[in-house]
Amino acid sequence: MASTIYLVIPCYNEEEVLPETSKRLKIKINGLIEAGTISPDSRILFVDDGSKDRTWDMISYLHSIDSIFSGLKLSRNRGHQNALLAGLMTVKDLCDAAISLDADLQDDVEVIDRFIENFHDGCDVVYGVRRERKTDSFFKRTTAVGFYRFMQAMGVDIVFNHADYRLMSKRALEALSGYREVNLFLRGMVPLIGFKSSVVEYDRAERFAGESKYPLKKMLSFAADGITSFSVKPLRLITVFGSVVTFLAVLALIYALVAAIIGTDIGMFALAASIWLLAGVQLICLGIIGSYIGRIYSEVKQRPRFIIEKLLNKR
Ligand code: UDP
Ligand code: MG
């Protein structure tokens, strides 16, 4: 039987792009249904993330004229990640797999075919990965590449150049629902789920209308969320830094002691070195406290400790 696929599209003030986006996605999905690749129960779900413009009116209109369109309205603006999760959790019991994408269709919809192929080949997660970033501005490109590198250096397992364009199977969605954290960074959480996954490359286009809903300020807080939600490395760095300072200060104090013994006048040097020594010790203490906070922080997130992929059991 052909599988039921839901497209999940978070929308925030997207009245300018919705007419075109809905048209293109409808052609895509109808094509796949006619080819028998996916079931006629497949849907295109727009999630209205508390838009202030006519986004919701347009979604409900689309739904009223064509049942291929579904709509989900959040009570207020909760941000892209929350809106996406709301959509995914709503469709997980209705579909065999869900594909998330942005309303501006910067992600090439033609690769949906390959997403579904890989899904039919047994992949539970298919990551859409941007081949290059020619269409992004120099600033967006360098900050984005820097962001991925920094995340990897901080020990967060993320797929390079993958945003939130991905397919997730029903059981991957089920597993995702076990992650109870409030600070969402989906592209860091999905790799934690495991299961068989694959990567599909595509070229990213420019936004065809409207402007980015991710200004620099939102981008920075998103990056900070990504790091602090996945890594206790910054806490560990405090300890390392403190140890280095302490070590240097001890060397300086030994030098001061030797100088005092042989009678050289080094003025305030010993005093400065002892201040540094204390600062170093304090940093180490902070780091130790930090490592406990790190534990507490992993505990309060109540993430699932494991996700079972298969059970072989004869009775
Ligand atoms: N978005 C959302 N809520 C927000 C901000 C953005 O649902 O608070 C949606 C937006 O409508 C779009 C997607 O998230 O579908 C990505 O936003 P955008 O294309 O503006 O980001 P960019 O591609 O510039 O990073
Ligand atoms: Mg965009």
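The values are calculated or read from the model by the stated rules, or taken from the named source; none is laboratory data. Predicted model only: the values in this text are computed from it and were never measured. Here the Cβ positions follow ideal geometry from the backbone for every residue, glycine too, while neighbour counts run over all protein chains shown.
Here are some residues: Asp104, Asp66, Asp48, Asp53. Which one is farther than 29 Å from Asp225 by Cα and at pLDDT below 95?
Asp66
Looking at (1) within 15 Å of ligand 1 (Cβ to nearest atom); (2) surrounded by fewer than 16 Cβ atoms within 10 Å (Cβ to Cβ); (3) part of a helix (DSSP H, G or I), can you tell me which one Gln152 breaks?
(1)
Return the only residue of Asp136, Asp102 being in contact (Cβ under 8 Å) with a residue 12 or more places away in the chain, assigned to a loop (DSSP other than H, G, I, E, B), within 16 Å of ligand 2 (Cβ to nearest atom) and touching a His at 6+ places or on another chain (Cβ under 9 Å).
From the options Asp136, Asp102, the qualifying one is Asp102.
Just to verify a result, which residue in segment 76-94, among those that are modelled with pLDDT of 90 or more and of a type in the set (D, E, K, R), is surrounded by the most Cβ atoms within 10 Å (Cβ to Cβ)?
Lys92
Mind listing whichever residues of segment 192-223 are within 21 Å of Ala86 (Cβ to Cβ), of a type outside the set (Val, Ile, Thr) and more than 16 Å from ligand 2 (Cβ to nearest atom)?
Leu192, Ser221
Only one of (1) touching a helix residue (DSSP H, G or I) at 6+ places or on another chain (Cβ under 6 Å); (2) within 10 Å of ligand 1 (Cβ to nearest atom) is not met by Gly87, so which one is it?
(1)
So the check is Cβ under 7 Å with 6+ separation or different chains; which pairs have a first residue in segment 66-93 that's under 18 Å from Tyr214 (Cβ atoms) and a second one that's among the acidic types (Asp, Glu) and away from ligand 2 (no atom under 16 Å from the Cβ)?
Hits for this filter: Leu74/Asp48.
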